[in-house]
Amino acid sequence: MSSYIRRKTPGDTEWFVHDRFGMFIHWGLYAMPARHEWIRYREEIPVGEYEKYFKRFDPDLFDAREWARRAKAAGMKYAVLTTKHHEGFCMFDSKFTDYKCTNTPAGRDLVKEYVEAFRAEGLKVGFYYSLIDWHHPDFPIDMRHPLRNRPKEEVEAYNAKCDIKKYAQYMRDQVTELLTNYGKIDILWFDFSYSGDHDEKKPWLRGKGKEDWEAEKLIATARALQPHLIIDNRTEIEQDLWTPEQYQVTDWVRHKETGELVTWEACQTFSGSWGYYRDEMTWKSPEMLIQMLIQTVSCGGNLLMNVGPTSRGYFDDRACAALDVYGRWMKYNSRSIYGCTMAEPELRATCPNGCYYTQSEDGKRLYVHLFRYPFQFLEIRGLAGKIGYAQFLHDGSEIRFREGKVDHFSEGATRADDLVVFTLPVVKPDVTVPVIELFLN
Ligand code: GLC
């Protein structure tokens, strides 16, 4: 069994650390301007001007079962959908606001269709819920708000009319709806706090954090309804999940006070944007997509890879192509991801350059992911006597190996008692990242 002990979590994370791979879905009115989900902030769009999207939001091609089938085919085991993003628009039929999808030409509860479709395909379901809300009348202007550059007097007059306690209650009411009306929810993903932010030039703009959200009460409300929930750390109150974002961490994330290994999930994007961004071109290569998943699991983490659907309700060709990259690789190599974690320390120390290890939770199988495909031979020190059998994972073809030394006419041989040398085909198999599966003694 793995020797790594995770810090205890209040929610049920056992299934989560087994399943490893999920789909993040950022979908809202911002799919219509189609130039980033922070569009209101970036272009300082007043709420009245943004109404043109509300009036015309009509995802006529939305088919949640198609989304679920694509997530499943990509090897994803769970999903997290934005029920409300910073724009404040609700993708569910909330009693507490008129700013919701059922009041647009969509005319339907999109969250309801999402949970039903993804459950039907056997995936776990999660909700993203933004703590930030640029539309709610009781949410004060701050340095991350679309109206942040309005004159001080205007900002202060606006904020004098805001009662953040009413907004905190609104969030508790909506979280209650989300955890009451849609069955068993597995993940609740809050986003995000910034109480440490301040602007020297505009001291009247104050960052927001757990006190503003009344986060203790918000979390207690959620836990009372669905105690098993996996809740993230972005309310500024530690719960189940640490959430590095758009960053490839290189070791298992640890608790900053106790140093314990924590349960963590990296959230990443296919391109630079979470929401659908028509003209954004930084789409990651197939190699990078697969390597991000492997490297994340090799450090004991989960990967939540994001899709930004179009305002018509479908995944565009670029997103489908990226999902297909995962599907093709996971079809034959998912055994090195599901139920796997960081390799034991003494094994991890043997990992050659250009490779990443994962190891099955039961300790019996070690996976060598060949990020850089070597010419004909792969030398690994420290594994002699430990390997019962070796094969390529994708096709189950044997990989022969020898131990101790290998002759190559250069004054003798490469020799070391703990050496293992694997013989590989010269031509790299047609696999984005080939994997050698080692059955350990
Ligand atoms: C950041 C972005 C937000 C996105 C989130 C996903 O907080 O500001 O738009 O939803 O990351 O983790």
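A few points about this structure:
- Taking amide H positions as modeled 1.01 Å from N, with prolines and chain starts lacking one, the residues under 5 Å from MET143 and 5 or more places away or on another chain are ARG206.
- Heavy atoms of the protein chains alone define the surface here; on that basis the chain has 42 Å² accessible area per residue at 1.4 Å probe size.
- Taking all protein chains together and a 1.4 Å probe, the residues HIS369, HIS136 rank HIS136, HIS369 from largest to smallest accessible area.
- Unsatisfied cross-links (Cα-Cα over 22 Å) in the set LYS8/LYS386; LYS95/LYS165; LYS124/LYS331: LYS8/LYS386
- 21 Å Cα-Cα threshold exceeded, pairs from LYS184/LYS208; LYS100/LYS161; LYS100/LYS217; LYS217/LYS256; LYS52/LYS84: LYS184/LYS208; LYS100/LYS161; LYS100/LYS217; LYS217/LYS256
- Placing unit charges on each Cβ (+1 for Lys and Arg, -1 for Asp and Glu) gives the chain a dipole about its Cα centre, and among GLY88, GLN268, SER193 the Cα reaching farthest toward its positive end belongs to GLN268.
- Only helical runs count toward this figure. For the chain, summing -39,500 (n - 2.57) over DSSP H runs of n ≥ 4 and dividing by all residues gives -7500 deg cm²/dmol at 222 nm.
- In degrees, nearest ten, helix 286-298 long axis to first principal axis of the chain (Cα): 80 degrees
- Cα long-axis angle, helix 317-333 against the chain (0 to 90 degrees, to the nearest 10): 40 degrees
- With the highest mean first, a sort of the peptides 270-279, 126-135, 382-391 on other beta-carbon atoms found within 10 angstrom per residue produces 126-135, 270-279, 382-391.
- Note on the chain: with charges restricted to the Cβ of Lys and Arg (+1) and Asp and Glu (-1), its dipole about the Cα centre is near 380 debye.
- When only alpha carbons are used to place a centre, region 309-377 and region 390-441 end up 19 Å from one another.
- When nucleic acids and ligands are ignored and a 1.4 Å probe is applied, ARG348 ends up with an accessible area of around 80 Å².
- Residue with peak Gaussian network fluctuation, the chain [Cα springs, cutoff 10 Å], from GLU287, GLU236, GLU361: GLU287
- Applying 0.36 nm per residue to the separation of ASP430 and LYS405 and subtracting their alpha-carbon distance, the gain on full extension is 6.0 nm.
- Straight-distance candidates among the lysines for linking to LYS201, with alpha-carbon spacing under 18 Å and chain neighbours fewer than 8 residues away dropped: LYS152.
- DSSP beta bridges in region 14-339 [antiparallel fraction, %, rounded to 5]: 10 percent
- Within the accessible area of region 14-339, the carbon and sulfur atoms contribute 50%, probe 1.4 Å, all protein chains present.
- Accessible-area value, TYR41, 1.4 Å probe, nucleic acids and ligands omitted, Å²: 60 Å²
- What separates the Cα centres of region 80-143 and region 255-308 is a distance of 23 Å.
- For region 70-213, share of DSSP beta bridges that run antiparallel, in % to the nearest 5: 15 percent
- The apolar share of the surface of region 345-440, taken as the fraction of accessible area on carbon and sulfur atoms (1.4 Å probe, ligands and nucleic acids excluded), comes to 50 percent.
The values are calculated or read from the model by the stated rules, or taken from the named source; none is laboratory data. The model shown is predicted, which means the values in this text are computed figures rather than measured ones. Glycine also receives a Cβ, built like all others from the backbone with ideal geometry; neighbour counts cover every protein chain displayed. These accessible areas exclude ligands, DNA and RNA; they are computed on the full protein's heavy atoms, side chains included. Shrake-Rupley method; radii C 1.70, N 1.55, O 1.52, S 1.80 Å.
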